[in-house]
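The values are calculated or read from the model by the stated rules, or taken from the named source; none is laboratory data. These figures come from a predicted structure and were not determined experimentally. When we count neighbours, we look across all protein chains shown, and the Cβ atoms used for this are built from the backbone with ideal geometry, even at glycine.
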Amino acid sequence: MNESEMIPKKFGIFTLAFTYIGTIIGAGFASGREIWQFFGAFGKSGRVGIIIFALAFFMVSVMTTLIGRHLRTNDMGRIITPEFLLSKRSSKVGTTKTIKFVGYFMAGILFLAIVSMSAAAGSMAKQEFGVPSIFGGIILVISVTLTLIGGFDRVKNVLSKAVPVLIMVMIIVGLIEIFRGENVIGSQKSGLYSLIMNIPDKNLGDPSPLADTWIKAAIIYMGYNILAIIPIVGSGAYRARSSESAIFSAALASIVIVILVYVSFIAMSKNSDVANSFDMPMLAISEKIGKIANYSYIAVMFFSIYSSTTGMFYGFSTKLKDDERKNVRIGIFAVLGFLLGLVGFRFIVKYVFPLLGYVGMLILVMLVINFVRLVLVNKFTLQEMKKNRYSSWMKDAKPGYGGEAILVLGSEKTALIDCGMPYQGEMLIEKLKKRLSGRKLDYIFLTHSHYDHIGGLSALRQEWKDVESYGTQHCKEVIETDKVRGKIEDLSYVVLKKDKDIPMESKLKSMDKFERNDFTIDHVISDGDEISLGDVKMRVIVTKGHTRCSTSYGVERNGEKVLVASESVGVLDRKGKCQPSILHSFDEGIKSINKCVEYNADRVVIAHYGLVPKNYNKRLFALLKKEALIEREIIMKMALDGKSHEEIVQVMTEKYWDNERRIEQPFDAFLLNMQGTVKNYMKDAQEYMENGLYDGYEYR
């Protein structure tokens, strides 16, 4: 299976922007009821509230995007919950009680929003067609349920296509009313300035007792909408082409929302009596303009109710158990929402929405805390880490993206830890000669048997005839088989086409020199062995987990200890994002991380990233362990819920295969590794089931 078959198409800026807007443009928004209740009722002061809301929408979208992509999740609980609220005693990071509570609480709040949309559909049916409100609710429930059964892709497709039409009709109807007849509320001035500025500096309506000032109303409205924004933005950002494109989508959505709110705000300010008298004032205003405007706005109203309900119901549905009965549960909750919505739309907007707004403000505080701790602090930490440099007796010899090579210069001998990919051989030799300054390469120490760590072995043996290689017994058994040697060569041909940093001539020359018989281990090493380079000592630390032969090395000189950690502890990509890398055994991987912590190195070298200073070691190993726990939790939960190996690999590929991985690793290698990881964790899940440690919903 190739990459295009495994990875769904990523969403573009406009697609995401319209999806976000569709979630906000619900019944209360499009009808004008929300805009009047939270902005228009306060006259001129409401304009400032509009700007506050738009800025908050953008900020929340950005924070949700960055947290979701940082954690590789669209789970509401994990995006919102600050890390310090998680149970210290729980080893199951992904399903702690705190995260579950927050996630299900959010789902409950979204369900209340669904109730309000059902009430809005009924109110519109009664106001415009004179039929019992029950019919409007029934039509909405059926439409939304059928859409939701198709998952997020169908939700996105519907919203991204319907929303541009809704926006156009709302703006046209609003502008017609603004420029029709007398300008804003009796003003004798004319022109755009008067339309924007001449709003009376007094209350024009009856504010809710729960939001009785313009600043309080703006904050509460922001809080209420946060509840709808987070799940849909979290899912959208998860499928965006990049963090930047998701942020641009949020910016575009914010600008469009400001325009929509302001146009409706001015149109209703001109008709404050209508705004105060009708449940759906913009619908009543469209009727004053004419039949075409009215019928167009009726269509807009239905689709806005439908789009917003779909977006919020999708967020709610993410907390339902994902099995063959999920669609039945969706239908049951849709009917329940319809029944509760019979209490009436105006009552819900005036009293329920403000209460939800207060809840949303609490959610916002948690989101901000999580954003600061996860994203901003992490960014600062990485900036500090990148300032770190190797000592003079250790040098980075990495020949290109994806390949690993670290040169150690002892007073008597020299050693290279790992040796990159086969096609990087010529570049590696060139770098080594510069760093060796006339000395020869004596030893090659291998961390494990993967092609991106041992690929240059053939080129090095041909350049330095008497160089000696070191690895574990299992590493020797693996790389001395024809199957593995052939795989090393095949993968190198795949990835060399994507590496733009090395000239093609150099890459092909390296591959011409590739000799399978050069892949041998001269000296078998075991845990605790020490090899002297003179004033530098190499200490062998077997750290299984990534593979059975994974090995770390303690490099010691004059009391200074540098740990070159194997991939069993995990890796950091070029942006410093922690990535789990346990392919063989989870238990062995966690033991290896603990083993590296106990070594108490002054500094640590992380594979595919580089050197990390001592004051970050403890924090780094804790993060790497947490990422491994999260990955295992995600896979085991899917396995215990009955998903197949192929289905889980598909989900994990969507989650972890991104642009950074694409640069540093061929898809074939990534897929092979992920298939192995999923296979191992599915075995763990089976043991949980057999030992009665799983009750169908969560770990005991």
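This table checks each residue for (1) modelled with pLDDT of 90 or more; (2) buried (at least 24 other Cβ atoms within 10 Å of the Cβ); (3) in a helix (DSSP H, G or I).
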| residue | (1), (2), (3) |
| --- | --- |
| G420 | no, yes, no |
| K440 | yes, no, no |
| D452 | no, yes, yes |
| L460 | yes, no, yes |
| E477 | yes, no, yes |
| E489 | no, no, yes |
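Filter region 288-305 down to residues that are surrounded by fewer than 24 Cβ atoms within 10 Å (Cβ to Cβ) and at pLDDT below 80, then give me how many there are. Full working, then the answer.
Residues of region 288-305 that are surrounded by fewer than 24 Cβ atoms within 10 Å (Cβ to Cβ), as a first pass: 288-296, 298-299, 302-303.
Narrowing the set further to residues that are at pLDDT below 80 leaves 302-303.
Number of matching residues: 2.
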State yes or no: is H448 part of a helix (DSSP H, G or I) and within 19 Å of T543 (Cα to Cα)? no
Which of (1) modelled with pLDDT of 80 or more; (2) over 22 Å from V173 (Cα atoms); (3) surrounded by 22 or more Cβ atoms within 10 Å (Cβ to Cβ) does F248 not meet, given it meets every other one? (3)
Looking only at region 588-632, which residues are modelled with pLDDT of 90 or more, of a type in the set (D, E) and within 25 Å of G559 (Cα to Cα)? E598
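Pick from K683, K643: which is outside any helix (DSSP H, G or I) and either modelled with pLDDT of 85 or more or out of contact with any strand residue (DSSP E or B) (no Cβ under 8 Å at 6 or more places or on another chain) (or both)? Write out each step before concluding.
Details: K683 fails: outside any helix (DSSP H, G or I).
Exactly one residue qualifies, and that residue is K643.
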Every pair of residues 6+ apart whose Cβ atoms lie under 8 Å, when the first sits in region 271-282 and is free of Cβ contacts under 8 Å to residues at least 40 places away in the same chain while the second is in a helix (DSSP H, G or I): V274/M268; V274/P281; V274/A284; V274/I285; V274/K288; S277/A284
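Can you pull out the residues in region 59-77 that are among the aliphatic types (A, V, I, L, M) and either touching a His at 6+ places or on another chain (Cβ under 6 Å) or more than 27 Å from I219 (Cα to Cα) (or both)?
Residues of region 59-77 that are among the aliphatic types (A, V, I, L, M), as a first pass: 59-60, 62-63, 66-67, 71, 76.
Residue satisfying the conditions is L71 alone.
Would you mind stating whether K561 is closer than 26 Å to P399 by Cα, assigned to a loop (DSSP other than H, G, I, E, B), in contact with a helix residue (DSSP H, G or I) (Cβ under 8 Å, 6 or more places away or on another chain) and not assigned by TED's automatic domain parsing to the domain that holds E631?
Values: closer than 26 Å to P399 by Cα: yes; assigned to a loop (DSSP other than H, G, I, E, B): no; in contact with a helix residue (DSSP H, G or I) (Cβ under 8 Å, 6 or more places away or on another chain): yes; not assigned by TED's automatic domain parsing to the domain that holds E631: yes.
In short, no.
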Can you pull out the residues in region 624-657 that are more than 16 Å from the chain's Cα centre (by Cα) and surrounded by fewer than 17 Cβ atoms within 10 Å (Cβ to Cβ)? D641, G642, S644, H645, E646, E647
